[in-house]
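Here's the structure we're looking at; comments come further down.
The values are calculated or read from the model by the stated rules, or taken from the named source; none is laboratory data. Just so we're clear, the structure is a prediction, and the values are computed from it rather than from any experiment. Glycine gets a Cβ as well: all are built from the backbone with ideal geometry, and neighbour counts include every protein chain shown. The area values use the complete protein model at the heavy-atom level, side chains included, leaving out ligands, DNA and RNA. Shrake-Rupley method; radii C 1.70, N 1.55, O 1.52, S 1.80 Å.
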Amino acid sequence: MVEPGSNTAGGDGPDFKVNVQSPPPTVEARALPEDVSEGEGVVSTFLRGMLWVISSILMFIPIFWLTHVKTFAQYERAVQFRLGKLKRPARGPGLVAFLPCIDEWQTVDLRTVSEDVAPQELITKDNVTLNVNAVIFFRVRDPVRAVCAIDNWRLATSGLAQTTLRSVIGSVTLQELLQHRDDINDTLCRILDEATDPWGIRVVLVEIKDIVLPAGLQRALSAEAEASREAKAKIVAADGELQASRKLLEASSVLMESPSSIKLRYLQTLTQIAAERNRTILCLDTADLGGNMTFAEGN
């Protein structure tokens with residue numbers, strides 16, 4: 001840049017002053033090391049991946065939580081375990097929420113159930129072989145004990161009923177079994193209820209369904225019953241004859257006191273015989289019963 005007042009050629013003209021400005025310093029760009037750029041790329045990739053995982057988890061948490069919200073009916077209870085530890089009391093009925101991956105539960109039905117006791121060959125006290133089956137009615141009284149005290153309460157109760165039926169039938173005779181079945185049912189129910197009480201089970205009713213006898217024993221019992229009925233019939237007939245003879249004795253004593261009553265009875269007898277359309281009529285002389293007999297032939 002040339003300014004006035006400066007003389008550059010040594011003449012008389014105005015002097016010009018030349019001011020020469022130096023260019024601004026340049027900033028040299030320094031390249032970053034390659035290991036620093038690669039490290040920043042790995043960190044950013046890791047952060048993006050973590051952000052994606054967290055967002056996915058947050059998105060699926062409500063759906064996963066809904067799978068651990070259960071509705072239990074009025075007759076159902078849920079026995080809850082949190083990290084393997086029992087939580088009392090049993091949950092339900094209604095809507096119950098559980099913690100995912102922490103809580104576990106088992107559903108217990110409180111309704112009365114019926115279980116058939118399988119038919120089995122039993123021997124009574126008087127050494128008679130029978131085929132007997134029964135039915136048992138029971139329900140869960142304590143859900144917690146039904147889950148924690150026994151592995152399978154239905155199977156255990158059914159097996160116990162089989163063994164109890166065998167022992168009770170073996171302590172009675174055949175006659176007692178046939179005549180006192182209600183008492184035996186009450187005994188079975190009481191024994192089973194006492195045995196299953198530690199399991200939280202209440203035995204409501206036990207009924208013996210069928211008693212199947214061997215064919216030979218059935219024939220023997222039938223013959224015995226028939227003979228007993230015939231003996232009773234003969235005894236009843238003999239009692240009737242005895243009572244009839246006593247009444248006839250009394251009647252003869254009354255008729256001997258009045259001869260006219262004998263004639264009336266004689267005529268009444270003839271009327272009964274005539275009504276039956278008999279062809280032969282036997283006539284007795286009522287004046288002398290030990291005398292001659294006359295026969296009248298006719299219609």
**OP:** Tell me, please, whether a residue that is open to solvent by 60 Å² or more (accessible area, probe 1.4 Å), modelled with pLDDT of 85 or more and over 24 Å from L122 (Cβ atoms) can be found in the stretch 198-217.
**Re:** yes
Subject >> Residue match in the stretch 240-250 (condition: among the polar types (S, T, N, Q), over 60 Å from the mean Cα position of the chain (by Cα) and surrounded by fewer than 10 Cβ atoms within 10 Å (Cβ to Cβ)) >> reply: no
Original post:
Does the stretch 163-197 hold any residues that are among the small types (G, A, S) and open to solvent by less than 60 Å² (accessible area, probe 1.4 Å), and which are they?
Top reply: G170, A195
Subject >> Positions within the stretch 254-263 being open to solvent by 60 Å² or more (accessible area, probe 1.4 Å) and either under 60 Å from the mean Cα position of the chain (by Cα) or of a type in the set (S, T, N, Q) (or both), in sequence order >> reply: S260
Original post:
In this structure, is V113 of a type in the set (V, I, T), in contact (Cβ under 8 Å) with a residue 60 or more places away in the chain and out of contact with any strand residue (DSSP E or B) (no Cβ under 6 Å at 6 or more places or on another chain)?
Top reply: no
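This table checks each residue for (1) over 16 Å from the mean Cα position of the chain (by Cα); (2) modelled with pLDDT of 90 or more; (3) closer than 25 Å to D182 by Cβ.
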residue	(1), (2), (3)
V128	yes, no, yes
V132	yes, yes, yes
I136	no, yes, yes
R145	yes, yes, no
N152	no, yes, no
L155	no, yes, no
G159	no, yes, yes
**OP:** Identify all residues within the stretch 105-145 that are touching a Lys or Arg at 6+ places or on another chain (Cβ under 8 Å), open to solvent by less than 40 Å² (accessible area, probe 1.4 Å) and part of a strand (DSSP E or B); write none if there are none.
**Re:** V108, V113, Q120, L122, N133, A134, V135, F138, V140
Original post:
Which residue pairs have Cβ atoms closer than 7 Å, lie 6 or more positions apart in sequence or on different chains, and pair a first residue in the stretch 134-155 that is farther than 20 Å from I191 by Cβ with a second residue that is in a helix (DSSP H, G or I) and of a type outside the set (V, I, T)?
Top reply: none
Subject >> Whichever residue in the stretch 273-293 is polar (S, T, N, Q) and surrounded by 10 or more Cβ atoms within 10 Å (Cβ to Cβ) and, among such residues, is modelled with the lowest pLDDT >> reply: T286
Subject >> Checklist (1) closer than 30 Å to Q175 by Cα; (2) touching a strand residue (DSSP E or B) at 6+ places or on another chain (Cβ under 7 Å); (3) among the acidic types (D, E) applied to D126, failing item >> reply: (2)
**OP:** Examine the stretch 2-17 for a residue that is more than 30 Å from G200 (Cβ to Cβ), part of a strand (DSSP E or B), modelled with pLDDT under 85 and open to solvent by 80 Å² or more (accessible area, probe 1.4 Å), and state whether such a residue exists.
**Re:** yes
